[in-house]
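Shown next, in C-alpha cells, is the structure this report addresses.
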Amino acid sequence: MLCENCNERQATIHITKIINGKKKEMHLCDQCTSLEQIGKNIFDYTNFITNLTEDIAGSNKKAVKDEDLTCDHCGMTYEFFKKHGKFGCEHCYDAFEPMIAPMIKRMHGKNVHTGKMIKNGNEDLVRKREIEDLDRQLKIAVEKEEYEEAAILRDKIKELAKGVNSKG
C-alpha cells in the first residue's frame with residue numbers, strides 16, 4: 001500500500017482516528033510521519049500521555065509523587081517521560097511501574113503483553129496460551145477457595161498439556 005501523503009513510498013504507519021463516531025484511517029510512510037507532522041496533524045501524543053498519566057495519578061490515592069520517580073539505570077525522570085512520551089531505556093518500565101501499570105491496563109485492558117495471533121496460527125502456541133489462561137483462573141479459584149471449580153480447571157490444564165507434550 002502506498003503512502004497517502006506522498007504516493008511514492010510504501011506505507012509503514014497505519015493510523016486510525018475516530019472523531020465524533022466517524023472512523024478515518026491514514027496510511028503513511030516513515031518520512032511523511034515525522035514527529036513534527038504526527039504532533040501537529042495527526043495526533044498529539046505527548047499531551048495524550050500527560051493527560052492519561054495525570055488522570056490515573058489523580059485516581060490512584062497511593063501514587064508515588066511524580067518528581068520522586070527516576071530510573072536508576074539511565075537517570076530519566078517520570079516528569080520527562082510525561083512530557084515526551086518515550087522511555088530512556090528498558091529499565092524505565094520497572095522504575096516507573098507504579099505510575100504506568102494503571103495506564104497500560106487502561107489502554108490495553110491488561111498489564112501483560114501476549115502479542116497477536118495469526119488466524120491459522122501454531123496450534124501449540126494457541127494451546128500454551130489457553131493453558132496459561134486456565135492456570136490464572138485456577139489460581140484465582142484456589143484463592144477464593146472454590147475447590148470444585150479449581151479441580152475442573154486443573155483437569156482441563158492436564159488434558160491440554162498432554163497435547164503439547166505429546167508433540168514436543
Listed with the fewest Cβ neighbours within 10 Å leading, Leu138, Leu160 appear as Leu160, Leu138
Residue by residue through the stretch 134-150, the couplings from Karplus 6.51 cos²θ - 1.76 cosθ + 1.60 with θ = phi - 60°, in Hz, x for Gly and Pro, are 5, 5, 4, 5, 5, 4, 5, 4, 5, 4, 7, 6, 9, 6, 5, 4, 4
When Phe96, Phe80 are ranked with the fewest other C-beta atoms within 10 Å first, the list becomes Phe80, Phe96
Under 5 Å from the placed amide H of Asn5, counting only residues 5+ away or on other chains, we find Cys29
Going fewest to most other Cβ atoms within 10 Å around each Cβ, Leu134, Leu28, Leu2 line up as Leu2, Leu134, Leu28
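All of the numbers you see were taken from the coordinates with simple rules; none came from a lab. Note that the coordinates shown come from a computational prediction; the quantities given were computed from them, not determined experimentally. Every residue, glycine among them, receives a Cβ derived from its backbone with ideal geometry; neighbour counts consider all protein chains shown.
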